[in-house]
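Worksheet: the structure to be examined is printed underneath.
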Amino acid sequence: MSNTTTATTSKTKRVDVRKLVFTALMAALSIVLSELTSFKVPFMPGFISFDFSDMPAMLASLTMGPISGVLVCLLKNLQGLMSTATGGVGELSNFILSACLVLPAGIVGLKTHKLWKIIVGCVGGAVLMGLVSIASNYFIVYPVYAAAFKTDIDTLVMMYKGLIPALDGNINGLIDVLVMFNMPFTMLKGLTAAIISVPLYKRLRPIFNSYYRTDKG
């Protein structure tokens with residue numbers, strides 16, 4: 001019994017080290033991608049950018065579980081605070097939304113490795129990310145941003161007018177902006193991370209078999 005217990009403990013330690021190292025690598029990759037792949041998009045204001053830094057967090061969540069995914073999001077944004085141009089508001093927003101993206105995917109990944117269920121989890125995370133972006137931006141991010149930079153919400157709303165002329169007549173306040181611009185943009189960002197992550201997950205999954213339960217259903 002002693003030998004069995006020792007072997008089990010040794011295996012657990014090796015697995016934990018593998019998990020820790022992989023999570024750290026994904027966090028580092030996420031930081032690099034946030035710096036090197038960030039670019040402005042023509043249908044969003046200049047203070048919002050698109051990047052691929054959510055992909056490593058989703059990959060960590062799928063292979064190692066939701067805690068690893070959220071930890072990658074946290075480490076990336078803590079590093080971002082060192083050179084923030086938004087007083088930490090951008091990092092706060094990014095962490096909230098990225099966590100919403102990776103949590104559903106990671107929870108599904110803990111329970112099954114059936115590909116169609118993994119895809120559903122990833123898409124669900126992107127949808128949740130988009131929906132939560134409305135509430136987080138409305139109640140937290142935009143008010144804090146406006147206060148930090150001594151502006152007002154109406155000024156922020158005006159930044160969206162003219163970006164898509166066909167929508168100008170429908171923009172009457174912040175909630176309109178968030179539904180018509182931020183939510184689709186955020187969902188697109190999440191879906192892009194999913195599209196890149198799922199094929200990589202299929203290749204990496206065998207390395208982390210010890211974290212999966214066989215799904216009979």
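The values are calculated or read from the model by the stated rules, or taken from the named source; none is laboratory data. Only a predicted model underlies this, so the values are computations on that prediction, with no experimental measurement involved. Here the Cβ positions follow ideal geometry from the backbone for every residue, glycine too, while neighbour counts run over all protein chains shown. Areas reflect the complete protein model, heavy atoms only, side chains present, ligands, DNA and RNA absent. Shrake-Rupley method; radii C 1.70, N 1.55, O 1.52, S 1.80 Å.
One compactness figure for region 42-138 is 1.10, namely its Cα radius of gyration divided by 2.2 N^0.38 Å. Give me the percent relative contact order of the chain, please, defined on Cα pairs under 8 angstrom at least 6 residues apart. It comes to 23 percent, rounded to a whole number.
Rounded to the nearest whole Hz, the Karplus-based 3J(HN,Hα) values (6.51 cos²θ - 1.76 cosθ + 1.60, θ = phi - 60°) of region 46-55 follow the sequence x, 7, 10, 10, 10, 8, 10, 6, 7, 4, with x at glycine and proline.
Along its three principal directions, the equivalent ellipsoid of region 93-138 from the Cα gyration tensor extends over semi-axes of 22, 9, 6 Å, largest first. Modelled spin labels at Thr192 and Leu115, positioned 7 Å past Cα toward Cβ, are 2.4 nm from each other. 3J(HN,Hα) along region 57-72, derived from phi through the Karplus expression 6.51 cos²θ - 1.76 cosθ + 1.60 where θ = phi - 60°, amounts to 5, 5, 5, 5, 5, 5, 8, 10, x, x, 5, 4, x, 5, 5, 4 Hz, with x in place of Gly and Pro. Here the simple spin-label model places points 7 Å from the Cα toward Cβ, and for Asp152 and Ala135 these points are separated by 2.9 nm. In this structure the amide hydrogen of Ser49, modeled in the peptide plane, comes within under 5 Å of no amide hydrogen from residues 5 or more places off or on another chain.
With a ≥ b ≥ c taken as the square roots of the eigenvalues of the C-alpha gyration tensor of region 13-91, please select rounded if a/c is under 1.5 and otherwise prolate if a/b is larger than b/c or oblate if it is not?
Details: a/c = 2.80, a/b = 2.09, b/c = 1.34.
Since a/c reaches 1.5 and a/b is larger than b/c, the shape of region 13-91 is classed as prolate.
Per the Debye formula on identical point scatterers at the alpha carbon atoms of region 99-174, with no solvent, log10 I(q)/I(0) at q = 0.11, 0.13, 0.27 Å⁻¹ is -0.46, -0.59, -1.12. Here the sum of -39500 (n - 2.57) over DSSP H runs of 4 or more residues, divided by the residues of the chain, equals -22000 deg cm²/dmol at 222 nm, to the nearest 500.
Between Leu25 and Gln79, what is 0.36 nm times their sequence separation minus the Cα-Cα distance? Round to one decimal in nm.
Numbers: separation 54, 0.36 × 54 = 19.44 nm, distance 1.42 nm.
The Leu25-Gln79 span can extend by a further 18.0 nm.
For Leu204 and Glu35, compute 0.36 nm times the residue count separating them, minus their Cα-Cα distance, and round to one decimal in nm.
Details: separation 169, 0.36 × 169 = 60.84 nm, distance 2.47 nm.
Answer, rounded to one decimal: 58.4 nm.
Of Thr186, Thr155, Thr37, the residue with the largest accessible area leads and the full order is Thr155, Thr37, Thr186 (1.4 Å probe). In a Gaussian network model over the chain where Cα atoms closer than 10 Å are linked, find which of Gly173, Gly125, Gly69 has the largest mean-square fluctuation. Looking only at Gly173, Gly125, Gly69, the biggest GNM fluctuation is shown by Gly173.
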